[in-house]
Amino acid sequence: METINFDEKIIKNYIESIRPPVEIRKKLDLGYSFVNNEIILFEISPQWNDITKFHKSPFVKAKYIKSQKAWKIYWLRANGKWESYKPNPMVHSINSFIEIVEEDEHGCFRG
């Protein structure tokens, strides 16, 4: 089995660096998941009708494509479907993925 070019500490450190202040995190926070060669970054907030339950709203995804040894980047459209991020659809490192998310030149990820 091929090893994925992914150091989870990089994404953990990135999320930690962009999380809101501690006193706000019960109302809005950020997180990520890494499952089946996909990294998904999401906002965490209480459900509108039950503040004891939390909802995760994804805003960007990177999927590792083994055959190309690259990460394909997607943004979540308003209709709930993932679409390739056209300005930079593919990168070869997590650091490049983070740079693109930070730049967000078209306002696709965090608005």
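Here is the figure for region 30-67: residues that are farther than 26 Å from SER93 by Cβ and of a type in the set (D, E, K, R) total 2. Cβ-Cβ contacts under 7 Å between residues 6 or more apart (or on different chains), taken from a first residue in region 25-53 that is under 20 Å from TYR85 (Cα atoms) to a second residue that is of a type in the set (S, T, N, Q) and open to solvent by less than 50 Å² (accessible area, probe 1.4 Å), are listed as ILE40/SER33; PHE42/SER57; GLU43/SER57.
Under the condition of being modelled with pLDDT of 95 or more and in contact with a helix residue (DSSP H, G or I) (Cβ under 9 Å, 6 or more places away or on another chain), the residues counted in region 21-58 number 5.
The values are calculated or read from the model by the stated rules, or taken from the named source; none is laboratory data. All figures in this text were calculated on a predicted structure; none of them were measured in a lab. Positions of Cβ are generated from backbone atoms using ideal geometry, with glycine treated the same way; all protein chains shown enter the neighbour counts. Heavy atoms of the whole protein, side chains included, go into the accessibility calculation; ligands, DNA and RNA do not. Shrake-Rupley method; radii C 1.70, N 1.55, O 1.52, S 1.80 Å.
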